[in-house]
1. Dipole of the chain, Cα-centred, from +1 at each Lys and Arg C-beta and -1 at each Asp and Glu C-beta, to the nearest 20 debye?
2. Sum -39500 (n - 2.57) across every DSSP H segment of at least 4 residues in the chain, then divide by the residue count to get the 222 nm mean residue ellipticity, nearest 500.
3. Which distance in nm do the two modelled labels at Asp77 and Trp44 give, with both placed 7 Å along the Cα-to-Cβ direction?
4. Which one, Phe113, Ser353, Ser72, is farthest towards the positive end of the dipole of the chain when Lys and Arg carry +1 and Asp and Glu -1 on their Cβ?
5. Which percent of the accessible heavy-atom area of the chain goes to carbon and sulfur, probe 1.4 angstrom?
6. Could you compute how much accessible surface Glu233 exposes when probed at 1.4 Å, giving the result in Å² to the nearest 10?
7. In straight Cα distance, which lysines are under 26 Å from Lys68, not counting same-chain residues fewer than 8 positions off?
8. Consider a paramagnetic label point 7 Å from the Cα of Glu62 along Cα→Cβ; state which residues of segment 71-86 have an amide N under 16 Å from it.
Amino acid sequence: MMRFTTLIKHPADWMTGGQGEHGAVLTSRIRLARNLRRHPFPGWAKRDQRAAALDLMRPAVESLPAMKDAFSHELGDLTSVQKQVLVERHLISREHAARGDGSAAVIERRQTFSLMLNEEDHLRMQAIRPGLQLTAAFNALSALDTELEEALEFAFDPTLGYLTTCPTNLGTGLRASAMLHLPGLVLSDQIGQVLQAVNKIGLAVRGLYGEGTESLGNLYQISNQSTLGESEETIIRRLERVISQVSNHEQNAREKLLEDDPEMVSDKIGRAYGVLRHAHIIDSKEALNHLSLLRLGGTLGFFSPETVMLCDSLLMDIQPAHLQLHSGRKLSPEERDSIRAEIVRSRLQSLESPDNRISTNDEKNFTEPSNPGDA
């Protein structure tokens with residue numbers, strides 16, 4: 001089985017994927033909740049019952065072809081920092097990280113699949129893909145689910161569907177979500193209106209790490225709320241349609257901001273560049289918000305397109321647990337702020353000033369008058 005250091009040594013496939021949908025949709029995620037038949041659900045189970053369920057599930061998960069050479073560990077064997085790194089990478093939930101003995105995580109080596117064992121439900125399995133790929137993520141995870149169902153007997157009712165701990169997951173057990181970067185809507189004060197419209201049609205909007213967390217770096221998760229009475233395909237099609245609409249609103253907002261107030265946009269992006277390139281102390285919230293503007297600049301031509309991928313990588317690497325893992329020791333908040341600034345300065349060292357790039361583009365687009373008198 002894969003070691004933890006090997007798992008997190010390289011970025012996940014979904015962290016370095018394409019930048020479709022104007023770069024507004026970072027990732028798509030599909031999660032399925034399942035429970036074992038004739039086994040008490042994790043919240044009600046005693047320690048020996050949880051252990052028995054884990055002993056049944058873990059070999060079945062590890063034997064899946066897609067999970068060959070996967071990372072597989074009981075949470076009780078991981079340090080608090082290691083568990084928090086997995087949370088920051090969206091591979092396990094905060095609730096799962098709080099558990100110890102009797103719970104485990106099995107994560108595919110490219111981090112496109114991760115399975116939480118004995119979280120709120122016996123099995124919480126998810127697939128993550130870059131950009132807007134909800135259907136592709138669902139198809140991949142559905143195949144995994146079918147293979148598992150041949151080895152494990154899930155709690156299922158012909159009328160209610162898959163039985164889950166929380167009634168909101170009853171039925172399909174499906175939670176589909178996309179992570180969106182929406183600085184254009186935020187800067188143009190349209191974000192409230194758009195998110196209110198999303199909520200009205202029965203979808204949920206959450207922060208960077210899901211339910212109960214705030215939006216940082218202009219990042220929002222949009223997901224389905226209903227899981228009962230509709231097929232998985234219907235739920236996903238509706239969500240994809242809404243995500244595309246929100247993404248288009250974001251693109252329109254960016255274009256209108258550039259057209260109506262280019263100085264404001266240039267100022268915001270330039271200030272973010274200046275702070276990130278020269279700060280020696282920066283906290284997580286400030287860094288994420290400035291990186292959001294830098295990423296926006298990468299999609300608007302203020303920087304090279306590669307800047308978007310650089311920002312996506314930094315968004316993960318400057319998280320508290322990642323910093324402590326990088327340093328090899330527990331860090332105080334003040335130490336984290338200092339090391340975070342150092343890492344950002346180093347990674348952005350070769351990033352050209354947005355003013356230089358704009359000036360260069362203006363020179364390339366300038367046409368010399370054919371007659372000096374026309375100047």
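The values are calculated or read from the model by the stated rules, or taken from the named source; none is laboratory data. All values reported here derive from a predicted model rather than from experimental measurement. Heads up, the Cβs are rebuilt from the backbone with ideal geometry, glycines too, and the neighbour counts pull from every protein chain shown. Note: areas computed on protein heavy atoms with side chains; ligands, DNA, RNA excluded. Shrake-Rupley method; radii C 1.70, N 1.55, O 1.52, S 1.80 Å.
1. Values: 41 positive and 50 negative charges, 215 e Å.
Here the chain has a charge dipole of around 1040 debye.
2. On the way: 14 runs with 176 residues, N = 375.
Here the helix-only value at 222 nm equals -14500 deg cm²/dmol.
3. Taking the two extended label points, one gets 3.0 nm.
4. Final value for the positive-end residue is Ser72.
5. 49
6. Probe radius 1.4 Å; accessible area of Glu233 about 90 Å².
7. Filter leaves Lys9, Lys83.
8. Residues 71-78 qualify, since their backbone N sits under 16 Å from the label point.
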